[in-house]
Amino acid sequence: MELSTEVLVVGAGPVGCWLAAELCAAGIRTLVVEAREERAAWSRGFVVHPRTLEIFHSRGAAGPLLATGRRLPTWHFAMGSTRLDFTALPTTFPFVMLYPQAQTEARLEEHLSERGGEVRRGWRAVGLEQFDERAEVRVSADGELRTVTAQFVVGCDGAHSTVREAAGIGFPGNPDTMISPAAHVTLADPPPPERYMQTSEQGLFFAIPLPDGRFVVSTVDHEVMGDITAPWTAETLRASLIRVAGSDFGLRAVERISTIGNSAKQAERYRDGRVLLAGDAAHVHFPMGGQGMNLGIQDAHNLAWRLIAAVRAARKTAGAPVVYDLLDGYEAERRPAGERVLEDVRAQMALVAATGADGAALRDRFEALLSEHPQVNLQYARRLSGIDVRYPMPSSSGGDGDGSADERLGRRVPDLEVQAAGTSVQLYDLLRSTTRPGDFARVVVGDAAPAEHGHEAVTVAVEQVAGPEWALAEGWGMPGTLLVRPDGHVAAITLA
Ligand SMILES: Cc1cc2nc3c(=O)[nH]c(=O)nc-3n(C[C@H](O)[C@H](O)[C@H](O)COP(=O)(O)OP(=O)(O)OC[C@H]3O[C@@H](n4cnc5c(N)ncnc54)[C@H](O)[C@@H]3O)c2cc1C
């Protein structure tokens with residue numbers, strides 16, 4: 001049986017669902033195939049960072065997270081006891097959100113179906129072939145082998161990506177040299193919340209409370225972390241908790257233990273012909289700081305509008321060769337973003353895995369940097385949160401200065417409080433009601449004449465930016481025109 005679509009998304013994890021929802025909302029024919037019959041009931045991760053919340057909110061998808069997620073005003077770098085102060089971040093979501101990944105995935109699949117998308121479960125991609133004008137993916141489903149023809153294929157199929165492998169894209173990086181357990185458990189005598197993260201000379205312990213009273217616990221145990229083939233059991237976990245944290249916290253039912261390693265790998269390229277990669281298919285690392293899903297969703301948000309543009313261009317010029325410039329911008333922007341996260345995670349792992357008195361001294365010095373220098377603390381908070389990502393942009397002009405030096409250029413526009421048509425409104429709500437995924441917006445602040453920037457865009461008139469104060473301090477209230485890309489990043493600025 002043959003099927004054809006404009007974009008085939010392989011994998012309905014959080015990244016595949018977000019990408020497909022954006023495509024469907026823009027009217028792109030999209031098929032999502034997922035090997036699993038059912039979504040995983042248990043959660044790998046919990047941490048949703050501010051930029052991801054901004055992205056979800058910009059599409060009206062953050063509601064359930066904001067309603068029931070747990071907000072933490074601080075987060076950590078390498079589990080150090082000096083916390084990163086997220087309350088100082090210039091965002092409307094100045095906190096880390098704890099929300100089980102299984103629930104995020106359920107919400108994103110719902111978001112996809114609200115946009116007319118559908119996940120074909122039990123459909124496993126097993127092979128791929130590319131031609132000038134299409135890609136063909138072989139899919140095994142219900143004991144049958146089908147061929148899906150698509151203009152573009154996106155591998156959102158996780159760390160062991162079949163798509164990456166079939167496209168011949170290498171995945172270099174370091175292999176595991178240490179492992180940690182991650183276990184879903186019941187604790188009869190859990191630590192108080194301020195002791196959910198603990199470091200000692202033996203390693204580190206952390207616990208994340210689940211909404212049903214259970215916990216996910218993990219250790220980086222200096223004594224056994226290098227034994228990467230040893231199986232983890234309830235008893236080795238208990239011994240590790242006692243070694244590292246001095247207590248087993250009344251460890252009872254151990255429902256699930258998985259292991260996580262410190263390998264850090266990144267796809268050598270994010271595109272091969274008509275095949276692209278996003279999420280864990282493009283990069284993997286130890287989940288220190290809870291960044292993998294966040295990074296992947298930000299990949300998807302960057303890729304979506306480029307694919308929308310590529311498919312629309314192909315509709316207009318059927319049979320003409322694809323112009324890959326726009327799609328290559330995806331790799332140019334997101335590969336460095338991924339590299340930066342991988343390097344930050346490597347640095348964190350080096351800090352937590354350093355043993356003995358030398359390790360303790362190294363951690364002490366790093367703690368001192370974070371506690372004695374608020375600017376350093378803020379810089380790390382910005383990096384982890386995802387809000388400081390800045391893409392190089394070619395153009396900016398106007399006013400009395402060199403627009404390219406404008407700090408706002410290439411950054412995401414925050415959710416400003418604005419006056420538009422005489423009413424107070426949040427910018428993201430205004431953009432959501434006036435544009436669709438795939439649309440550029442020309443945000444004209446004040447009574448300046450709209451600048452064109454040579455790009456088709458929906459004009460959004462704003463009389464005045466009223467806040468928040470940090471945004472005014474960053475210059476977001478300056479009269480002029482901002483060309484805002486569909487992913488929220490500012491592509492050009494003309495000052496009035
Ligand atoms: C213990 C742990 C804790 C973590 N904590 C966090 C955290 O707090 N915050 C955070 O941001 N990240 C965290 N992460 C990382 C996060 O879980 C991943 O980065 C995220 O799941 C990646 O999403 P994805 O959609 O790219 O891939 P996945 O979630 O792996 O989804 C890939 C999907 O593709 C499907 N698939 C695979 N092969 C095929 C095929 N051939 N055909 C069709 N379908 C296929 C799979 O079944 C799966 O559903 C954690 C990871 C671990 C292990």
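Filter the range 257-288 down to residues that are at positive phi and either in a strand (DSSP E or B) or within 8 Å of the ligand (Cβ to nearest atom) (or both), then give me how many there are. If you could, list the steps in order and put the result at the bottom.
Kept after step one, since they are at positive phi, are these residues of the range 257-288: 273, 279.
Within this subset, residues satisfying the condition of being either in a strand (DSSP E or B) or within 8 Å of the ligand (Cβ to nearest atom) (or both) are 279.
Matching residues across the range 257-288 total 1.
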(request) List the helices (runs of 4 or more DSSP H) that sit entirely inside the range 1-97 and contain at least 1 residues that are under 28 Å from residue 213 (Cα atoms), open to solvent by 40 Å² or more (accessible area, probe 1.4 Å) and touching a Pro at 6+ places or on another chain (Cβ under 9 Å). (result) 63-68
(message) All but one of (1) open to solvent by less than 20 Å² (accessible area, probe 1.4 Å); (2) over 19 Å from residue 47 (Cβ atoms) hold for residue 181; state the number of the condition that does not hold.
(response) (2)
(message) For the list (1) within 12 Å of the ligand (Cβ to nearest atom); (2) in a helix (DSSP H, G or I); (3) open to solvent by 20 Å² or more (accessible area, probe 1.4 Å), I need the number of the one condition that residue 126 fails.
(response) (2)
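Have a look at 162, 149 and point out the one that is open to solvent by 30 Å² or more (accessible area, probe 1.4 Å), hydroxyl-bearing (Ser, Thr, Tyr) and under 30 Å from residue 26 (Cα atoms).
On the way: 149 fails: open to solvent by 30 Å² or more (accessible area, probe 1.4 Å).
Answer to the selection: 162.
Which one of 78, 12, 62, 88 is closer than 25 Å to residue 307 by Cα, of a type in the set (A, V, I, L, M) and more than 9 Å from the ligand (Cβ to nearest atom)? Full working, then the answer.
Working: 78 fails: closer than 25 Å to residue 307 by Cα; 12 fails: more than 9 Å from the ligand (Cβ to nearest atom); 88 fails: closer than 25 Å to residue 307 by Cα.
Answer to the selection: 62.
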(request) Within the range 139-183, track down each residue that is within 17 Å of residue 122 (Cα to Cα) and of a type in the set (Gly, Ala, Ser). (result) 140, 141, 143, 155, 158, 161
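For the range 438-453, name all the residues that are at positive phi and open to solvent by 20 Å² or more (accessible area, probe 1.4 Å).
Applying the first criterion (at positive phi) to the range 438-453 yields 438, 446, 453.
Passing the criteria: 446, 453.
The values are calculated or read from the model by the stated rules, or taken from the named source; none is laboratory data. Just so it is clear, the structure is predicted and the values come from calculations on it, not from any experiment. Here Cβ is always computed from backbone atoms with ideal geometry, including for glycine, and neighbour counts include all displayed protein chains. Ligands, DNA and RNA are stripped out before the accessible areas are found, and what is left, the full protein with its side chains, is counted by its heavy atoms. Shrake-Rupley method; radii C 1.70, N 1.55, O 1.52, S 1.80 Å.
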